[in-house]
Amino acid sequence: MGKFRVRFAPSPTGPLHIGGVRTALFNYLLAKKNNGQFILRIEDTDQKRFVPGSIEYIQEALEWAGIVPDEGFGYGGDYGPYKQSERKDLYEQCVEQLLEEGKAYYAFDTPEELEAMRQQFQQEGKTFQYDASTRSLMKNSLTLSENEVTKLLEQGQPYVIRFKIPENRTVKMQDLIRGEVEVNTNTLDDKVLVKSDGLPTYHLANVVDDHLMEITHVIRGEEWLPSLALHHLLYEAFGWQPPKFAHLPLILKPTGKGKLSKRDGIKGGFPVFPLEWTDPQTDEKLEGFREEGYLPEAFINMLALLGWNPGTDREIFTMNELIKAFDLSGVNKSGARFDPEKAKWFQQQHLQLKSEEELLELVLPVIRKQLGFHTDGKAIRDYTLKVLKLVKERLVFPADFWTWASFFYQAPEEYNPKVLKKHKKPQTKEILEKVVKFLQGIEDWKAPFIKEQLSGFIEENQFSFGKVLQPLRIALTGDLKGPDLFEMMELIGKDETLKRIEKALKVWFEE
Ligand code: GLU
């Protein structure tokens with residue numbers, strides 16, 4: 001097998017949307033599957049759109065998700081620098097070659113001149129495009145004499161360098177997902193390769209870097225498909241072999257209509273970014289999957305299935321299983337609908353796959369946050385492991401632990417008024433008083449024994465089970481939900497059990 005090198009090439013213009021993370025993930029999976037390299041390249045040629053903090057965000061998000069680059073910005077490697085703003089010389093050399101060979105040209109048209117041309121075309125009911133049919137009307141090194149060009153350059157006249165798109169040719173290209181793609185060059189414009197600030201545009205830098213970094217497969221979002229023909233022509237102009245291309249389908253809104261946007265997340269109350277992000281300018285805060293409590297395993301599993309079909313009914317995969325199973329032939333052409341409920345389902349499935357010891361590490365911080373005390377001691381760890389056995393099944397997020405288990409750590413502060421109303425009967429008082437006395441006499445405080453004893457007591461007194469056990473549960477937990485009552489009584493202990501019933505008697509019947 002030949003070498004396999006792929007890259008993720010984000011622009012640092014803000015936080016990374018989950019669509020970007022999915023692109024990184026698919027690149028990573030293929031790299032790992034093919035014993036190749038996954039490279040992180042920062043495409044920051046558009047300095048105006050640079051947002052501070054976004055490079056760090058991208059790196060942190062990838063690492064959190066387990067999509068760790070083998071090489072690239074912040075990771076080293078033999079093909080650096082991996083940030084485009086540090087590669088200006090390389091682009092200059094390459095564009096020089098195109099100029100010499102007449103495949104690119106200087107264009108001196110001012111913004112006003114270009115606008116005037118646009119207007120003129122509009123008046124004639126046409127759309128202006130800088131291309132083979134119009135370049136002869138413009139102020140460029142194809143229409144000016146060599147002397148005039150030299151003079152303008154010496155005078156320091158602002159200029160851009162444009163790519164001379166060949167006239168009326170059909171470019172045939174292969175996309176690994178979409179098959180053959182054909183474009184007639186007359187539909188393309190003479191794209192700017194170097195801007196008036198001397199920096200390359202995305203197209204030039206991207207092609208030069210993919211070549212110099214020996215990228216074998218370019219896997220990127222569908223929004224770049226319209227640039228494919230231009231990129232092919234650039235490879236051809238340089239005399240370079242193009243890499244293989246694959247354009248991934250869009251991630252769509254939960255309704256299936258249109259591209260998933262940051263606004264959809266804000267409106268729907270679900271994250272569309274891997275990590276939380278606060279906009280440095282507006283202070284707007286965007287939710288992150290990590291902060292919502294998602295496990296990275298669940299997050300990448302959910303992402304992998306957005307647009308990829310394993311060809312079976314199987315939905316749950318670990319990263320290693322994804323690496324084995326993933327293949328571009330399973331990637332769909334059409335957009336993939338993001339479903340926030342399905343995201344939760346993946347989370348639940350992966351959380352349930354965790355051992356109690358692993359879950360312990362996730363819930364200890366939750367307990368610490370709620371109670372503000374140290375959770376490093378052996379006693380609380382052992383105790384929490386036992387609690388986890390009882391409540392694990394109910395958890396989707398680590399924070400849910402508190403909903404289902406707070407009463408293992410503290411007496412209820414309130415009683416659910418709805419259920420209390422139903423059970424706060426004079427008879428309840430009598431029953432609970434008797435229960436307290438009865439429980440005091442139980443020495444062997446173990447769930448099965450308490451259950452057996454209490455059942456005997458209920459039968460002997462001819463009470464109904466519901467009339468005893470439900471108020472008892474409310475007294476202990478504040479509600480009717482919760483794990484097995486007797487297991488819970490064993491865990492919180494005899495003293496605490498009695499204390500809580502006595503407290504309930506007081507609150508319910510004396511105040
Ligand atoms: N910098 C481009 C982006 O932000 C990369 C596109 C590509 O992968 O070629 O998406």
**Request:** Would you check if Glu502 is assigned to a helix (DSSP H, G or I) and surrounded by fewer than 19 Cβ atoms within 10 Å (Cβ to Cβ)?
**Result:** yes
**Request:** Collect the residues in the range 21-78 that are more than 15 Å from the ligand (Cβ to nearest atom), in a loop (DSSP other than H, G, I, E, B) and farther than 20 Å from Met302 by Cβ, keeping them in residue-number order.
**Result:** Asn34, Asn35, Gly36, Pro52, Gly53, Asp70, Gly74, Tyr75, Gly77, Asp78
**Message:** Given the criterion among the small types (Gly, Ala, Ser) and buried (at least 16 other Cβ atoms within 10 Å of the Cβ), identify the matching residue among Ser455, Ser406.
**Reply:** Ser406
**Asked** Among Ile215, Ile251, which is the only one that is among the β-branched types (Val, Ile, Thr), within 15 Å of the ligand (Cβ to nearest atom) and touching a helix residue (DSSP H, G or I) at 6+ places or on another chain (Cβ under 6 Å)?
**Response** Ile251
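Pick from Leu275, Leu305, Leu260, Leu248: which is under 17 Å from the mean Cα position of the chain (by Cα) and over 25 Å from Thr13 (Cβ atoms)?
Numbers: Leu275 fails: over 25 Å from Thr13 (Cβ atoms); Leu260 fails: over 25 Å from Thr13 (Cβ atoms); Leu248 fails: over 25 Å from Thr13 (Cβ atoms).
Criteria check complete, one pass: Leu305.
Is it true that Glu148 is closer than 18 Å to Ser196 by Cβ, among the charged types (D, E, K, R) and out of contact with any Lys or Arg (no Cβ under 9 Å at 6 or more places or on another chain)? Step through it out loud before you land on a result.
Details: closer than 18 Å to Ser196 by Cβ: no; among the charged types (D, E, K, R): yes; out of contact with any Lys or Arg (no Cβ under 9 Å at 6 or more places or on another chain): yes.
Answer is no for this residue.
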**Residues of the range 1-15 satisfying the condition of being near the ligand (Cβ under 8 Å from one of its atoms) and assigned to a loop (DSSP other than H, G, I, E, B)** = Ala9, Pro10, Ser11, Thr13
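Select, from Leu371, Leu395, Leu353, the only residue that is loosely packed, with under 15 Cβ neighbours inside 10 Å, modelled with pLDDT of 95 or more and of a type outside the set (D, E, K, R). Steps first, please.
Working: Leu371 fails: modelled with pLDDT of 95 or more; Leu395 fails: loosely packed, with under 15 Cβ neighbours inside 10 Å.
On inspection, the qualifying residue turns out to be Leu353.
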**Asked** Do any strands (runs of 3 or more DSSP E) entirely within the range 97-199 hold 2 or more residues that are of a type in the set (Gly, Ala, Ser) and crowded, with 16+ Cβ neighbours inside 10 Å, and if so, which?
**Response** 104-107
**Request:** Being under 19 Å from Ile42 (Cβ atoms) and either without any contact (Cβ under 8 Å) to a residue 24 or more places away in the chain or among the polar types (S, T, N, Q) (or both) narrows it down to one of Thr201, Thr150, so name that one.
**Result:** Thr201
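This table checks each residue for (1) touching a residue at least 40 places away in the same chain (Cβ under 8 Å); (2) touching a helix residue (DSSP H, G or I) at 6+ places or on another chain (Cβ under 6 Å); (3) of a type outside the set (Val, Ile, Thr).
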residue	(1), (2), (3)
Gly456	no, no, yes
Glu459	no, no, yes
Leu472	yes, no, yes
Asp479	yes, no, yes
Pro483	yes, yes, yes
Glu487	yes, yes, yes
Arg500	yes, yes, yes
Val507	yes, no, no
**Asked** So which residues in the range 173-189 are without any contact (Cβ under 8 Å) to a residue 60 or more places away in the chain and among the acidic types (Asp, Glu), if there are any at all?
**Response** Glu180, Glu182
**Asked** Consider Asp444 against the criteria (1) surrounded by 13 or more Cβ atoms within 10 Å (Cβ to Cβ); (2) farther than 17 Å from Leu432 by Cβ: it satisfies all of them except one. Which criterion is unmet?
**Response** (1)
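Does the range 22-44 contain any residue that is more than 24 Å from Leu328 (Cβ to Cβ) and surrounded by fewer than 21 Cβ atoms within 10 Å (Cβ to Cβ)? First the steps, then the outcome.
Taking the range 22-44 and keeping what is more than 24 Å from Leu328 (Cβ to Cβ), we get 42, 44.
Remaining after also requiring surrounded by fewer than 21 Cβ atoms within 10 Å (Cβ to Cβ): none.
Scanning the range 22-44, I find no residue that is more than 24 Å from Leu328 (Cβ to Cβ) and surrounded by fewer than 21 Cβ atoms within 10 Å (Cβ to Cβ), so the answer is no.
Can Glu223 be described as closer than 30 Å to Ala31 by Cβ, within 16 Å of the ligand (Cβ to nearest atom) and of a type in the set (D, E, K, R)?
Working: closer than 30 Å to Ala31 by Cβ: yes; within 16 Å of the ligand (Cβ to nearest atom): yes; of a type in the set (D, E, K, R): yes.
Yes: the conditions hold for Glu223.
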**Request:** For Leu193, work out the one condition from (1) over 26 Å from Gly80 (Cα atoms); (2) in contact with a His (Cβ under 8 Å, 6 or more places away or on another chain); (3) away from the ligand (no atom under 14 Å from the Cβ) it doesn't fulfil.
**Result:** (1)
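The values are calculated or read from the model by the stated rules, or taken from the named source; none is laboratory data. Predicted, not measured: the structure shown is a model, and the values here were computed from it. So basically every Cβ, Gly included, is an ideal-geometry build from the backbone, and we count neighbours across all protein chains shown.
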